[in-house]
Amino acid sequence: MPEKDYYKILGIGKNASQDEIKKAFRQLARKHHPDVNPGNKEAEEKFKEINEAFQVLGNSEKRKQYDQFGSSGFKPQDFSGFRWPSFDDLFSDFGFGDIFDIFSGARGAREREGADLRYDIEISLEDVFNGLTTKIEIPHFAKCSTCNGTGAKPGFLKECSECEGVGEIRRMQRNMFANIINVIPCMKCRGTGKIATKLCETCNGEGKIKKIKKIEVKIPKGIDDGQYLRIADGGELGENGGPPGDLYIVVNIKEHKIFERRESDLFCNTTIDLSTAILGGKIKIPTIDGKAKLLFLS
Ligand SMILES: [Zn+2]
Ligand SMILES: [Zn+2]
């Protein structure tokens, strides 16, 4: 096994203090941690190396041994049983006050934005010419009013016993430098802190029911096939206080019996008799808003 310079790997001098070693490790580890470089083999190797260097230099016994005999004094299995510190651990390892502050903002269930909805509307070429105001019906999920979205039969919403209503579980871990508190959302109540002991009968515990909402939409004049209108917050409701999604109304223009549209022009075919073609004359042709006379000159 080639000799490894653990000091160089951590970018520190031979006389670095334990604090400096720790600091250098944290900085490098945050940059190369597999959690921030998913799928990046190079970063993973780099992180293993940094971790190995730290396992040795961060421990005064092993550091002494290394200073005397070099890295060949350690076997690979000296490192294999070690669990990588999680990325959160690297961030949270600053003492209790900081940990508390960091996690107090992330309590309970995660906010989630509602889904966007799409509605396809078919309009005529006349509608494009005149503009159109119409009512449309959008199927969507609405919060169940019986249980107010909790999914529990009224009176049967209890505090979660697993997390005591907090919505998250804290676990204290010790390593050689600090106490680390891991905070994870409670699996039992999915972070809400509450458990339904009987399900709401209106929504079968879903907390939401399918409904139809009618909304009025104004399609502006001159809209093109495939263009859409976006109605902000017109989509599905967000979860746990998250914002609603948007509603997209996609416009499809029906084929017209007479006209073909090319950008802002309309084309139509008409036939004239031979004498009009030779002598000139008047014929009537259709237009989108009535009829017009067209004068042919010979
Ligand atoms: Zn309900
Ligand atoms: Zn819970």
Give me the distance in nm between label points sitting 7 Å out from Cα along the Cα-to-Cβ direction at Glu260 and Asp289, one decimal. 2.5 nm
Alpha carbon centroid spacing (whole Å) that separates region 43-70 from region 200-267: 60 Å
Counting only residues 5 or more apart in sequence or on a different chain, those whose built amide H sits under 5 Å from that of Arg118 are Tyr248
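What number comes out for the charge environment of Ser60, summing +1 per Lys or Arg and -1 per Asp or Glu over other residues with Cβ under 13 Å away? Before the final figure, lay out each step's value.
Details: positive: Lys22, Lys62, Arg63, Lys64; negative: Asp19, Glu61, Asp67.
Value of the local net charge: +1.
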Phi-based couplings in Hz for region 215-226 (Karplus 6.51, -1.76, 1.60; Gly and Pro marked x): 10, 8, 10, 10, 8, x, 4, x, 5, 9, 4, x
R0 = 22 Å: FRET efficiency of Asp67 with Glu3, Cβ-based, nearest 0.05? 0.95
Please compute the modelled spin-label separation between Ile231 and Lys41, points set 7 Å along Cα→Cβ, answer in nm with one decimal. 5.2 nm
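No lab work stands behind these numbers, since they all come straight from the coordinates. Note that the structure is predicted; figures quoted are calculated from it, not measured. Here Cβ is always computed from backbone atoms with ideal geometry, including for glycine, and neighbour counts include all displayed protein chains.
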